[in-house]
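**Student:** Have a look at this one.
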Amino acid sequence: MFGLDTVTSILLILLLVIVGVGIGRWARRRRVTRIYVGLDHITPVDVQVRAHDLIEAGRFSDAVELIRAESQVSRQIAVEVAEVLRGGGVLPGFPVFDEGDLTTRVRRLLEAGNRKQAVFLTRSTEEMSQAEAEAFVDSLSREPNT
């Protein structure tokens, strides 16, 4: 074949078959849409607030255990969540669709005396910074309910 000896021809054909099979498998994989949502990092806002309080009190391991118990995640995930909280971040909470808009939910938390939870909720819902969320919560606490 093309002036090649038998062994070289067989190896060339084998190489072409392997490349063809690989391209075929890659093309079939490309047609499938894969969506990954890391639901294991979604932590309820009230759990984040309680864990943050423990972290501020210097009780990191207790915060990890609280996250594990309340969110039913592995220790590794709980440590990752606690690290985010210790670094000043927040994680998305579970979406709630039947409790009104953010303003209504924040006002309810403020009325119940849960300002910190209102700030966490605002940050996790609207992806605001700490200062922006606090300003938003403070503006709602000064406004009369309508």
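**Student:** Given the structure, is residue 64 at pLDDT 90 or above, among the β-branched types (Val, Ile, Thr) and surrounded by 17 or more Cβ atoms within 10 Å (Cβ to Cβ)?
**Tutor:** On the way: at pLDDT 90 or above: yes; among the β-branched types (Val, Ile, Thr): yes; surrounded by 17 or more Cβ atoms within 10 Å (Cβ to Cβ): yes.
Yes.
**Student:** Which residues, taken from the stretch 111-129, are charged (D, E, K, R) and touching a helix residue (DSSP H, G or I) at 6+ places or on another chain (Cβ under 8 Å)? Walk me through it before giving the result.
**Tutor:** Of all residues in the stretch 111-129, those charged (D, E, K, R) come to 111, 115-116, 123, 126-127.
Result: 115, 116, 123, 126.
**Student:** Here's something else I'd like to know. All but one of (1) in a helix (DSSP H, G or I); (2) free of Cβ contacts under 8 Å to residues at least 40 places away in the same chain hold for residue 113; which doesn't?
**Tutor:** The one condition residue 113 does not meet is (1).
**Student:** With respect to residue 19, determine if the residue is outside the structural domain of residue 120 (by TED's automatic domain parsing) and modelled with pLDDT of 85 or more.
**Tutor:** On the way: outside the structural domain of residue 120 (by TED's automatic domain parsing): yes; modelled with pLDDT of 85 or more: yes.
It is true that residue 19 is outside the structural domain of residue 120 (by TED's automatic domain parsing) and modelled with pLDDT of 85 or more.
The values are calculated or read from the model by the stated rules, or taken from the named source; none is laboratory data. The model shown is predicted, which means the values in this text are computed figures rather than measured ones. Here the Cβ is made from the backbone with ideal geometry for all residues, glycine too, and neighbour counts use every protein chain on show.
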